[in-house]
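Asker: One structure follows; several queries about it will come next.
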Amino acid sequence: MQVRTNADTPDQAANAVGFGAIGIGLCRTEHMFFEGDRIYAVREMILSKDLEGRKKALAKLLPFQR
């Protein structure tokens, strides 16, 4: 049997692999942004008044998703 796991952070993914999971089945992206300064970029994106403001905020979030 092959098992995939849910993971929201790199630490959770590493822990799951350590227990034998073959991959990640679900990653809730929004949970990646609760820690540290990341939440500020999320709020900036939500509160942006125009497309350019949203793009600027999303550019800050992209490295975290990668």
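Asker: Quick one: in region 1-41, of everything that is hydroxyl-bearing (S, T, Y) and not in a helix (DSSP H, G or I), which residue is farthest from A59 (Cα to Cα)?
Answerer: Filtering region 1-41 for residues that are hydroxyl-bearing (S, T, Y) and not in a helix (DSSP H, G or I), the one farthest from A59 (Cα to Cα) comes out as T5.
Asker: Among the acidic types (D, E), under 14 Å from the mean Cα position of the chain (by Cα) and open to solvent by 60 Å² or more (accessible area, probe 1.4 Å): is that true of E52 in this structure?
Answerer: On the way: among the acidic types (D, E): yes; under 14 Å from the mean Cα position of the chain (by Cα): no; open to solvent by 60 Å² or more (accessible area, probe 1.4 Å): yes.
Against the criterion (among the acidic types (D, E), under 14 Å from the mean Cα position of the chain (by Cα) and open to solvent by 60 Å² or more (accessible area, probe 1.4 Å)), E52 does not qualify.
Asker: Can you pull out the residues in region 26-49 that are open to solvent by less than 80 Å² (accessible area, probe 1.4 Å) and at pLDDT 85 or above?
Answerer: Selection gives I39, A41, V42, E44, M45, S48.
The values are calculated or read from the model by the stated rules, or taken from the named source; none is laboratory data. Please read these numbers as outputs of a predicted model, since none were measured by experiment. Ligands, DNA and RNA are stripped out before the accessible areas are found, and what is left, the full protein with its side chains, is counted by its heavy atoms. Shrake-Rupley method; radii C 1.70, N 1.55, O 1.52, S 1.80 Å.
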